[in-house]
Amino acid sequence: MRIVSLAGGIGGARFLRGLLSAAPGSEITVIGNTGDDITLYGLQVCPDLDTVMYTLGGGIDEEQGWGRSEETHVVKEELAAYGVEPQWFGLGDRDVATHIVRTQMLKAGYPLSAVTEALCARWRPGVRLIPMTDDRAETHVVITDERGRRAVHFQEWWVRLRASVPAEQIILVGGDEARPAPGVLQAVADADVVLLPPSNPVVSIGTILRVKGIREALEPKTVVGVSPIVGGAPVRGMADACLRAIGVETTAQAVLELYGPPLVNGWLVAEEDAGVRLDGVRVEARPLIMRDLASARDLARAALDLAAELAHPGAGVREGNAR
Ligand code: FO1
């Protein structure tokens, strides 16, 4: 089976680990969010791509959900000793190597999609990881604080400010010009099913959907999404602060409406949100908390089962393994 999954950071990566376990032998293409990317100390950092690559490749710092396991921070301490800014965003020593390889390949003229393929040759994530675009598309946030009204990089709002200052606007700098990276639209066209994991609906899934042509390519496909909101709160992260910024309620219903029926055909919600309804969408209640591989696998399997039902109404049985 050919599966395409959009993905942001931690929630998306954990869902993908469950998907690999639920659908072994499937061909999985991940379209990764690059709106979080930031250039720091001259290095190109791609947090969401790296979280997927490290998580599926076995190199992730499990409890942080980002960065490398067995990490040290000597470079970070030395940079601080030189008084180099910013000091609110920490790169681990092992992680720095990834950014050095990425930066030198970008400077040599390789597109981000080729760089990501090269990095994945080491990590072997078991999926094909493609950035949503090879072009620059960076999420910035308009805030008003003691220095007045200004736009800051998403990471400054997210990491330094911890979203404590309201986001008046969320802007994708370069978003209007960004084109899907090579292979993205083809993978969607070839897909048997498309999944929207419980990543941040605004700055991850929402960002990918803003790249020209991606939403349109997805609409004719069987698309099943997993609500990132359970009982009125995000499962993790600060999706509520992002949803507030675009005037959307923090509910499973509101996020479904944000994505919309032409895009989403199936929607998995938590049992407490079983009342969610939208014409043209099949909603099913399932446990959504991924506390370990087994629960992530069960969630991914539920998404695939719903997709199979939608693609072959009344089949009730996923092709390949009858119950
Ligand atoms: N998050 C933090 O809260 N503090 C950090 O210092 C930090 C550093 C960092 C370095 C590399 C990387 O790939 C991710 C990092 N993150 C950090 C997480 C990052 O902000 C998030 O992973 C995404 O941007 C949101 O999904």
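Bear in mind that the values in this text are calculations on the coordinates, not laboratory data. Computed from a predicted model, the values in this text were never measured in an experiment. Virtual Cβ from ideal backbone geometry, glycine too; neighbours counted across all protein chains shown.
Numbers for the structure displayed
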{"item": "Distance in nm between pseudo-label sites at R2 and K107 (7 Å out along the Cβ direction from Cα)", "result": "3.8"}
{"item": "For the chain, calculated [θ]222 nm from helices alone, where every DSSP H run of n ≥ 4 adds -39500 (n - 2.57)", "result": "-10000 deg cm²/dmol"}
{"item": "In order through segment 23-38: 3J(HN,Hα) via Karplus (6.51 cos²θ - 1.76 cosθ + 1.60), integer Hz, x for Gly, Pro", "result": "10, x, x, 6, 9, 10, 10, 10, 9, x, 6, 10, x, 7, 4, 8"}
{"item": "Nearest-20 debye value, segment 43-107 charge dipole, Cβ charges on Lys, Arg, Asp, Glu", "result": "360"}
{"item": "Interchain or long-range residues, amide H under 5 Å from L196's placed H", "result": "V224, G225, V226"}
{"item": "Note, ³J(HN,Hα) from phi for segment 148-163, Karplus 6.51, -1.76, 1.60, rounded to Hz, x at Gly and Pro", "result": "x, 8, 7, 9, 10, 4, 3, 5, 5, 5, 6, 9, 6, 8, 6, 6"}
{"item": "Modelled FRET efficiency - R0 35 Å, A97 with E168, Cβ distances, 0.05 increments", "result": "0.40"}
{"item": "Residues with amide H under 5 Å from that of V30, placed H, sequence gap 5 or more", "result": "S5, R128, L129, I130"}
{"item": "Dipole in debye (nearest 20) - segment 152-302, about Cα centre, beta carbon charges: Lys, Arg +1; Asp, Glu -1", "result": "300"}
{"item": "Nearest 10 degrees, 0 to 90: helix 293-311 Cα axis against the chain principal axis", "result": "50"}
{"item": "Integer Hz, Karplus 6.51/-1.76/1.60 couplings in order for segment 109-120, x for Gly and Pro", "result": "x, 6, x, 4, 5, 5, 4, 4, 4, 5, 5, 6"}
